[in-house]
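In what follows, a structure is listed as structure tokens, so that the remarks can point back to it.
All of the numbers you see were taken from the coordinates with simple rules; none came from a lab. Fair warning: this is a prediction, and the values are worked out from it, not measured in the lab. So basically every Cβ, Gly included, is an ideal-geometry build from the backbone, and we count neighbours across all protein chains shown.
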Amino acid sequence: MGFTGNHRDHPELAESSLSHPYTRLTPDHVIDAVESTGRLSDARILALNSYENRVYQVGVEDSDPVIVKFYRPERWSSQQIDEEHRYSQFLFDHELPVVPPLVIDADAEYSTLGSHDGFLFAIYPRQGGRAPELDNLEHLHQLGRFIGRIHAVGQGFRFEHRLSLSVDQSSANADYLLDAGFIPSDLEAAYRAISGEVLQAIATRPPDSKQYSQISLHGDCHSGNVLWRDDCPHFVDFDDCISGPAIQDLWMLLSGDIENQQRQLLEIVEGYEMFYDFDPGELRLIEPLRAMRVLYFNAWLARRWDDPAFPLAFPWFNSPRYWSEYILELKELLTGLQQAPVTMPDI
């Protein structure tokens, strides 16, 4: 494993990778954590595709396998994780197709949150399924229906400890790449200029404005967090649940050119409004939210670069060429922010 780009001359990163907390998470540790909950493992363990946390399928004697998620240390507090768990259970109790964690200790303060060797973890039932077909208008209509139900039911569960979408977070994400020395010196001026323009454009349509209802959201509602099973979507991984405008749970389902997005929106919103009113004014937030996600993603990779899994999984990140292309991507985002917002027929 090696490091690329501007951090090539930082041997402390290689050293921190070797001492990263996840390097302690061996198969024996995973099995021990599961068995600490009273389950007897059959020693079959399969690492699943996850980077922010570590997720494994673990076989259990005389029972179905379970899914175990080890939360990234120091990312969320126990209160924030517990609120995530209670939110998904609340939705499940209202007959929504979500996958809440299993109870680990009914008498504990946080009944679904386990602790083992410095790691907080949760256990979930294994759920099969495939990704939804986002080019299938019927799938989009159903996704809209179920997201509308989640938002309607979620009115009865207001977050107290989870984060809220905010422009300030985007500014901090943009600054982090400079402050941590990721942007090559010869690109710093260009990056400062274009990231500043993007942030200014986002600030003209901030998602945390009081003019938009701030509701409890899934927060990361892309196709990878939806399992299509029994002819309906099942929503998983509420790790990024957050307060914000409803459109945050809808815009990531869109793809293609403006005409395609308009057709997709029509199906999604028709389904959505069967259960919850859609504010068409939130359509003007799609491009700001898209730009905020790009800023977040790059800062997320940079903040996680000491995790040995990240240079292996994202070898294209953090090279001079990457940062040059990122500046071009920010220019494209700025163009999108300056264009008229997407609209849809009959709204």
Amide H partners (placed H, <5 Å) of Ser164, local residues excluded: Ser243
Quotient of C-alpha Rg and 2.2 N^0.38 Å, computed over the chain: 1.04
Region 137-338: relative contact order as a whole-number percent, Cα under 8 Å and 6+ apart: 35 percent
Net lengthening on full extension, Phe275/Asn49 (0.36 nm per residue, minus Cα-Cα): 78.1 nm
Region 137-338, Cα convex hull volume normalised per residue, Å³: 137 Å³
Square roots of five times the Cα gyration tensor eigenvalues for region 120-159, Å: 24, 20, 7
Convex hull volume per residue for region 73-120, taking Cα atoms only, in Å³: 79 Å³
Pairs of alpha carbons in region 41-126 whose separation is greater than 17 Å (percent): 51 percent
Euclidean distance between Cα centres, region 26-62 to region 167-199, Å: 39 Å
Using θ = phi - 60° and Karplus 6.51 cos²θ - 1.76 cosθ + 1.60, couplings along region 81-90 (whole Hz; Gly, Pro as x): 5, 4, 5, 4, 5, 5, 5, 5, 5, 4
Region 165-182 - phi-based ³J(HN,Hα) in whole Hz, Karplus 6.51/-1.76/1.60, Gly and Pro as x: 4, 8, 5, 4, 4, 5, 4, 5, 5, 5, 5, 4, 4, 6, 5, 8, x, 7
About the Cα centre, charge dipole magnitude for region 41-126 (Lys/Arg +1, Asp/Glu -1 at Cβ), debye: 420 debye
Gyration tensor (alpha-carbon) shape descriptor, region 198-317, a/c threshold 1.5: oblate
Rg over Rh, two decimals, region 246-309 (C-alpha only, Kirkwood Rh): 1.12
Lys/Arg +1, Asp/Glu -1 at C-beta; region 172-237 dipole; positive extreme among Gly219, Pro206, Ile194: Pro206
Listed residue (Ile247, Tyr87, Val30) projecting farthest to the positive dipole end of the chain, Cβ model: Ile247
Centre separation in Å (Cα based) which lies between region 281-347 and region 98-163: 25 Å
Net dipole in debye of the chain [+1 Lys, Arg Cβ; -1 Asp, Glu Cβ; about Cα centre; nearest 20]: 480 debye
Value of relative contact order over the chain, rounded to a whole percent, pairs C-alpha under 8 Å and six or more apart: 21 percent
